[in-house]
Amino acid sequence: MNAIDKQLQLQPNRRMSYIMTMIILSLLFIWSITAIHFENVSASGTKIAKNIFVGLLNPDWSLIMNVTTEGIPYLLIETMAIAFLGTIVGALLAIPLAFLSASTIVPKPIAFIVRFLLIMIRTIPAIVYGLMFIRVTGPGPFAGVLTMSLTSIGMLSKLYVDVIEDLDKNILESMEAIGCTLMEKIRFGIWPQLTALFTSIVIYRFDMNLRDATVLGLVGAGGIGAPLIFAMNSYKWSEVGAILLGLVVLILLVEYISNRARTKLVKG
């Protein structure tokens, strides 16, 4: 018996664990299928589905060409503005919170408290924040901006922390050895290394906020979501098709530009 065979015999046999994993996944899949009930699909439901499909393929071009405040171009710009402003505000507020939650920068008790606060912020869905801010500020774009800002803080802070803690600690140790203060370490030793990565993260978050802003419009937080839900409730599927067409074009355009920008920032 050669050395390779001996080494293979010493390795643990994971066959049983693989079998148990497949059995558990199969049981979960079967259990999930029980939630599907085809008997609830009626003839009227099939007809409605057909009307939806026809409407989506025949969008209302008058809405797309409408340049007033009720037209799709204006609503798309408003949605993008909500996402952009919310991302910028959240990105700026997330920077100090990220440094306060980085255990390599501040004492661990402080980092733990700030991280717990950020976890609490990320736990609540964006649509819940939207409903809360609508009660405070009333329906409109301002509620959407506040929601985007708060939800961005939670995610951006977490991603910022991952970048901060992956930095070379030798730079911090050298600056600490020569007597640099905390702010000096951040300003001259850390921040120049983080600019490109932070910008890439912010662009990625803006891409996500653009989609979330559409959903927030469904609850009255401004943007194109409100006309979308009104058109769906009124069974105006050609208007729904026009709105969705505008959203698809906008999201594809923003995603293309953001991917190019992030690639250039990260790879140089």
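For this structure, a couple of remarks:
- Within a Gaussian network of the chain (alpha carbon springs, distance under 10 Å), most fluctuating of Ser103, Ser157, Ser26: Ser26
- For the pair Ile88 and Ser17, the difference between a 0.36 nm per residue extended length and the Cα-Cα distance amounts to 20.8 nm.
- Dimensions of segment 153-252 based on its C-alpha atoms, expressed as ranges along the principal axes with the largest first, amount to 69, 23, 16 Å.
- One compactness figure for segment 197-263 is 1.28, namely its Cα radius of gyration divided by 2.2 N^0.38 Å.
- Dividing the mean sequence gap of close Cα pairs (under 8 Å, 6+ apart) by how many residues the chain holds gives a relative contact order of 27 percent.
- Debye log10 I(q)/I(0) at q = 0.17, 0.19 Å⁻¹ for segment 130-192, Cα point scatterers: -0.67, -0.73
- Theoretical ellipticity at 222 nm over the chain - DSSP helices of four or more residues, -39500 (n - 2.57) apiece, nearest 500: -25500 deg cm²/dmol
- P(r) histogram, all alpha-carbon pairs of segment 35-132 included - 10 Å bins from 0, percent: 12, 20, 20, 22, 16, 10, 1
- Taking the C-alpha atoms only, the angle from helix 15-33 to the longest principal axis of the chain is near 20 degrees.
- Surface composition of segment 134-207: carbon and sulfur atoms hold 62% of the protein heavy-atom accessible area at a 1.4 Å probe.
- Accessible surface computed residue by residue for the chain, with neighbouring protein chains in place and a 1.4 Å probe, gives 63 Å² per residue.
- Cα centroid of segment 179-239 to Cα centroid of segment 64-108, whole Å: 4 Å
- Counting only protein heavy atoms and using a 1.4 Å probe, the accessible area of Leu57 comes to about 110 Å².
- Were the residues from Arg260 through Val106 laid out at 0.36 nm apart, the gain over their Cα-Cα distance would be 52.0 nm.
- Sites listed here are chymotrypsin sites (Phe, Trp or Tyr not before Pro) in segment 156-258 whose DSSP assignment is loop and whose Cβ has at most 16 other Cβ atoms within 10 Å: Tyr235.
- The count of lysine pairs in the chain whose Cα atoms are under 24 Å apart, excluding pairs fewer than 8 places apart on the same chain, comes to 11.
- Taking only the C-alpha atoms of the chain, the Rg (one decimal) and the largest Cα-Cα distance, Dmax (whole number), read 25.3, 82 Å.
The values are calculated or read from the model by the stated rules, or taken from the named source; none is laboratory data. These numbers come from a predicted model, not from an experiment. Positions of Cβ are backbone-derived with ideal geometry, glycine not excepted, and every protein chain shown enters the neighbour counts. Heavy atoms of the whole protein, side chains included, go into the accessibility calculation; ligands, DNA and RNA do not. Shrake-Rupley method; radii C 1.70, N 1.55, O 1.52, S 1.80 Å.
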